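Chemist: One structure follows; several queries about it will come next.
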Amino acid sequence: MSSQKFNGIIQIPYSQAVSKIQTGDLLFCSGTSLISEFIKKASNSLMSHVAFLVRWHGRILVFESVESTGVRVIPLAQYVKGNRQTDEKYKGALYIARHKTLIDSSFDRRKLHYMIGKALDLLHQNYDQAELVRILTRIKLGIGRHKENEEYICSEFVDLCFKQIGVEFPRTKEGFIYPEHIAADPNVYPMFQMVPDLSGERVNATAKTINPYTHR
């Protein structure tokens, strides 16, 4: 596994990062909560969560499956700036990556509608708590297998959506997939770490170091 390839990548303030994000980009999270730290430690990974991003009328939307609500869509700004009601920002590091398929100039980006459509069809499907337990049991004890159902952990949800455009991420021989499998995929290229906005001279100084990631 090699999500460590995200270590040391360039950091870009949120206000600059949003202009570089395209539909289909991946959002990886390295959380600091108890469950996030447990997932990272159990899977020997930098990452505890994965989602994918969609540009919509000047906004960046996060499509994800989370423990509290299952499959949902929220603004990326909520991760960085916090919820209006709770003012809680995401506690941890945020990374943006892009799959090789979406870098290829021959890729027909109209196919992304199939991926988004699948995500919308799955809205409010439950988060698969039992699958998370099976994964952690498999990692720690070496027992258990994946079971197909209509509930999804974050990595299952992203994998299913990407299958709609012909992309399938690696799994364990038991059928499990978790954020590390997607982050470590050699076809997934780290772009940058997204950080809160800076101010004044620090913004200008940071902007000079940025080498925007572009199509190849």
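Chemist: Please report, in Å, the Rg and the Dmax of segment 19-77, where both are computed over Cα atoms only.
Modeler: Rg then Dmax for segment 19-77, in Å: 12.7, 39.
Chemist: Something else: On full extension of the chain, what length is gained from Gln11 through Arg110, given 0.36 nm per residue of separation minus the C-alpha to C-alpha distance?
Modeler: Stretched out fully, the Gln11 to Arg110 stretch lengthens by 32.6 nm.
Chemist: Using the structure shown, select from Lys20/Lys40; Lys40/Lys89; Lys20/Lys41; Lys81/Lys163; Lys20/Lys163; Lys89/Lys111 the pairs with a Cα to Cα distance greater than 29 angstrom.
Modeler: With Cα atoms farther than 29 Å apart: Lys20/Lys41; Lys81/Lys163; Lys89/Lys111.
Chemist: Tell me the net charge near Gln22. Cut-off is 11 Å between Cβ atoms, Gln22 excluded, with +1 for each Lys or Arg and -1 for each Asp or Glu.
Modeler: Around Gln22, the surrounding residues sum to +3.
Computed from the coordinates by the stated procedures, all read-outs in this text should not be read as laboratory data. Bear in mind the structure is a predicted one, so any value in this text is a computation, not a measurement. In this analysis, Cβ positions are derived from the backbone assuming ideal geometry, glycine residues included, and neighbour counts consider all displayed protein chains.
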